[in-house]
Structure formats: C-alpha cells, structure tokens
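Have a look at the structure below, then the notes.
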Amino acid sequence: MECILFTTSDLRGARATSLHRLLRRLSQEAIPPRHYVLLQGMSENSVRDFTRTQETSAKTIVMHYPHRISLSRARNMMLQRAACEGAFDDPAIVGFPDDDAAYPPDFLDWLRDTFASTPDIDLLLCGCALEPVAAHGQSTRAAACRDVVRRSTSNTVFLRSALVTRAGYFDEDLGLGTPAQGGEDTEYMLRAFQFARWSACIDAPLVEHPEATRETASRYYHGALTAIAWHAPYTPACAIELARKAAIGGVHVLSGRMSTTALAVSYRAAASALAASVYVGRGRQRSTDLQL
C-alpha cells in the first residue's frame, strides 16, 4: 500500500532547512512515499535551484506557484494534480505533513502494516512531539469527535485514499493565508470523520513536530471555532465541542492572549457559519460539493 504525502512551503527563514530535513528523511525510506511538494512565492529558477540541492526520491513531485497562496488552496492544487494522475485509484494512505514535520524510522512501514491489517480503519489520529515514541506496540482505541476537534492536525491524521476521495478538497475560506487564519485541518478532519467506517486514535506522540501551545491555539481560534460551527448542527458531540470552544475564547481574553474585539469577531463568524449550515444544510452537503 502506497503512502501519498502533501507538503507546501515558501522556504522563508528556517523553513528551507526544515523542508530539507523532511525530504532527506523520506528519501531514505526503504519504500519512499509519493510526495507532492508545492513551493509557493518562488520563481521557476529558484525552485529549480532548490530542487537541485535536495536529496529526494524519484517519487517526489515538486510543483511551484509564483505567488503566496493560502494553505488550503495549496493543498487543493496538489490534491487536484494527484487525482488527475490517478494517485487515488489504488488503495493508499494519505498524509499532509508540514514542512517542519518528520517521521521516525520505520513509522511509514508501521503505518502501511496498520492500514493493511485493519481494513476498516479509514482515519488514524495520533499525537506529535519533538521527541516522538516508536509506533510499534502502541494501543489503539476508537476515536471520538472530541479527539478530532481537540487533537487533529495535518501532521497527526492519516486517511485511507478512498476516504480522501469522498471528503474532497479543503475549505479555501479557512486556513493560514485567509482571514480565518486557521481551522482548515479541523474542518477537513471533521468532514472525513463523518464518512469514515472506523476512526482510530493513538494517544502517544508518533510524529515529530512541535506540540500546540496556548499561544498557537489563540492564534488559530477564529478558524477553529468557525470550522466546528459548520458541523455542530448535525453532530451532537460537535455541538458540545462548539460550546466548549466558545468558552475557551473567554479564557484567551482573560489571559491576555486575545482581545475582546477579536473574540467578538470570532463569535460572529461562528454564528454566521452555524446559521448557514442550518439554512442550506451545508454541514451535510459540504463533502459532495467539494468531492474529488
């Protein structure tokens, strides 16, 4: 079973070094994944120069876009190309690692074995840390809506290709590079969670990536709250998570991590999303509207 990964970067600051590390590690895999990499805000010559200096496998597909675009838009461009190339025609495992993520040795082998030996798993969620633990021997439990809302990121969720095809594209109204500045991962994973036959969760950190902090949570609060609101009318557990997230906004304000104005804007955006979801049924139709 093939692993298909999608990563985008603008190579600013330390991101070039981080992406170099990710590409090098993936090239050393016994079975390298098919890896789509979109470099944005760069000229063709700059992309060519960067690619020439990298250790990559023959299955690395480097794309470029001359301007900076949102994270959701970049991922959708890669998903569209992969679909056109037939990448999802055969069973595969899909992941969306950031340019500063990395996988420990043997992790992708373990991931293939896990999906192959448990055919009902469509979505697998785990944790991340700068010093991840070995995946072998970790216990698996059924994932709940609260796990998807509170713990899922692009780095820590892996999906069966058939589920990706059904879930479709990322919402381009959400994510870094949009006014929402976040929420695209939460919305996408909630959408996939609705369609998954079985979603599994491993509480241990298996992926190398910095853990979320209260500062990052407040930075991405607006988008995350909106994403949860889209799905709250049709999932009781998600409605509970929406109430919890709304309360957390007050904590951010009291701690000085967010202004009252920013919180009010977030509440209004979530209320609009909630009303639209109820009015047009978007919580149910979202995936079919965006289906690959």
Hey, can you tell me all the residues within region 118-135 that are farther than 24 Å from Phe195 by Cβ and touching a helix residue (DSSP H, G or I) at 6+ places or on another chain (Cβ under 6 Å)? Ala135
Please list, ordered by first then second residue, the pairs with beta carbon atoms under 6 Å, 6 or more apart or interchain, first in region 145-166 and on the phi < 0 side of the Ramachandran plot, second among the acidic types (Asp, Glu) and in a loop (DSSP other than H, G, I, E, B). Asn155/Asp98
Report whether or not Thr213 is surrounded by 24 or more Cβ atoms within 10 Å (Cβ to Cβ) and polar (S, T, N, Q). no
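Mind counting the residues in region 198-243 that are assigned to a loop (DSSP other than H, G, I, E, B) and of a type in the set (Ser, Thr, Tyr)? Give the steps one after another, and end with the answer.
To start, the set of residues in region 198-243 that are assigned to a loop (DSSP other than H, G, I, E, B) comprises 209-213, 220, 235.
Still in the list and also of a type in the set (Ser, Thr, Tyr): 213, 220, 235.
The total comes to 3.
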Pairs only if they're at least six apart or on different chains, beta carbon under 9 angstrom, first in region 190-203 and in contact (Cβ under 8 Å) with a residue 12 or more places away in the chain and crowded, with 21+ Cβ neighbours inside 10 Å, second outside any loop (DSSP other than H, G, I, E, B) and among the hydroxyl-bearing types (Ser, Thr, Tyr); list them, first residue then second. Arg191/Ser287; Ala192/Ser199; Ala192/Ser287; Phe193/Ser199; Ala200/Thr114
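Return the residue satisfying two criteria in turn: it lies in region 224-255 and is polar (S, T, N, Q) and surrounded by fewer than 24 Cβ atoms within 10 Å (Cβ to Cβ), and of such residues it is farthest from Asp147 (Cα to Cα). First the steps, then the outcome.
Here is the first cut: in region 224-255, the ones polar (S, T, N, Q) are 226, 235, 255.
Now drop any that are not surrounded by fewer than 24 Cβ atoms within 10 Å (Cβ to Cβ), which leaves 235, 255.
Working: Thr235: 14, Ser255: 25 Å.
Ranking the qualifying residues of region 224-255, first place goes to Ser255.
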Given the criteria more than 24 Å from His252 (Cβ to Cβ) and either at pLDDT 90 or above or not acidic (Asp, Glu) (or both), does Leu206 qualify? yes
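The values are calculated or read from the model by the stated rules, or taken from the named source; none is laboratory data. The structure displayed is predicted, hence computed values, not measured ones. We place every Cβ from the backbone using ideal geometry, glycine too, and count neighbours over all the protein chains shown.
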